[in-house]
Amino acid sequence: MEIPLEDFCHLPQELGCSLHRTAETLTLASDQPGCAMHFRLEGLHARLDAVEVTNDPEGRFLRDVVGLVLQLYSGDLEAELTWSPKGSMADRVQVRAGETSHPLLFQHEGQSPDEMPFPPVDLTLPLVEQWLADAHRAWEEYQRLKARQEA
């Protein structure tokens, strides 16, 4: 998967990551240690070279960074995951041309939002606005549950 270098001007901010550069490598890194995407510089593009995902609470880095980048740039990935608790989600992730059947990464036709571990990403909104919309939905759900408990 290749990403134009100019996209790295806005990607870190949109994904909530920091960008680090060495002589031949760009790294999108999370605040969470052990979560990063490493890209090898090739002319005016950067090619995905390695993905690190360790100690990723609720799979947020995998979903919000790795999954979104793969979807946006039609990337491929094949990985074996270890979940805690074991068996809580599919161990094998396969993404082809930005599409997958893994429930953590993308919503699928015929699957209700209640079956998803997280709300689907709306690519028409900037990522920060998506997070705000997610937070607003969570707050509304909290208020609904609180009102039902009080009744």
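The values are calculated or read from the model by the stated rules, or taken from the named source; none is laboratory data. All values reported here derive from a predicted model rather than from experimental measurement. Here the Cβ positions follow ideal geometry from the backbone for every residue, glycine too, while neighbour counts run over all protein chains shown.
Reported count of residues in the range 1-26, each being among the hydrophobic types (A, V, I, L, M, F, W, C) and surrounded by fewer than 13 Cβ atoms within 10 Å (Cβ to Cβ), is 2.
The residue list 97, 79, 90, 46 contains one member that is more than 25 Å from residue 134 (Cβ to Cβ) and modelled with pLDDT under 90, which is 97.
Results for (1) modelled with pLDDT under 75; (2) under 19 Å from the mean Cα position of the chain (by Cα); (3) of a type outside the set (A, V, I, L, M); (4) surrounded by 12 or more Cβ atoms within 10 Å (Cβ to Cβ), shown as yes or no for each residue.
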{"site": "61", "(1), (2), (3), (4)": "no, yes, yes, yes"}
{"site": "66", "(1), (2), (3), (4)": "no, yes, no, yes"}
{"site": "104", "(1), (2), (3), (4)": "yes, yes, no, yes"}
{"site": "133", "(1), (2), (3), (4)": "no, yes, no, yes"}
{"site": "147", "(1), (2), (3), (4)": "no, no, no, no"}
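Would it be correct to say that residue 29 is surrounded by 13 or more Cβ atoms within 10 Å (Cβ to Cβ) and either over 14 Å from residue 65 (Cβ atoms) or assigned by TED's automatic domain parsing to the domain that holds residue 68 (or both)? Please lay out each step first, then the result.
On the way: surrounded by 13 or more Cβ atoms within 10 Å (Cβ to Cβ): yes; either over 14 Å from residue 65 (Cβ atoms) or assigned by TED's automatic domain parsing to the domain that holds residue 68 (or both): yes.
Yes, satisfied.
Selection within the range 15-25: residues that are of a type in the set (A, V, I, L, M, F, W, C) and either in contact with a His (Cβ under 7 Å, 6 or more places away or on another chain) or not in a helix (DSSP H, G or I) (or both). The member of this set that is nearest to residue 134 (Cα to Cα) is 17. Residue by residue through the range 26-40, note down the ones that are closer than 19 Å to residue 10 by Cα and part of a loop (DSSP other than H, G, I, E, B). The answer is 30, 31. Selection over the range 41-66 of residues that are over 17 Å from residue 6 (Cβ atoms) and either assigned to a strand (DSSP E or B) or of a type in the set (Asp, Glu) (or both) gives a count of 8.
Do you know which residues across the range 48-59 are at positive phi and surrounded by 19 or more Cβ atoms within 10 Å (Cβ to Cβ)? Reasoning before the result, please.
Step one: of the range 48-59, the residues at positive phi are 55, 58-59.
Residue satisfying the conditions is 59 alone.
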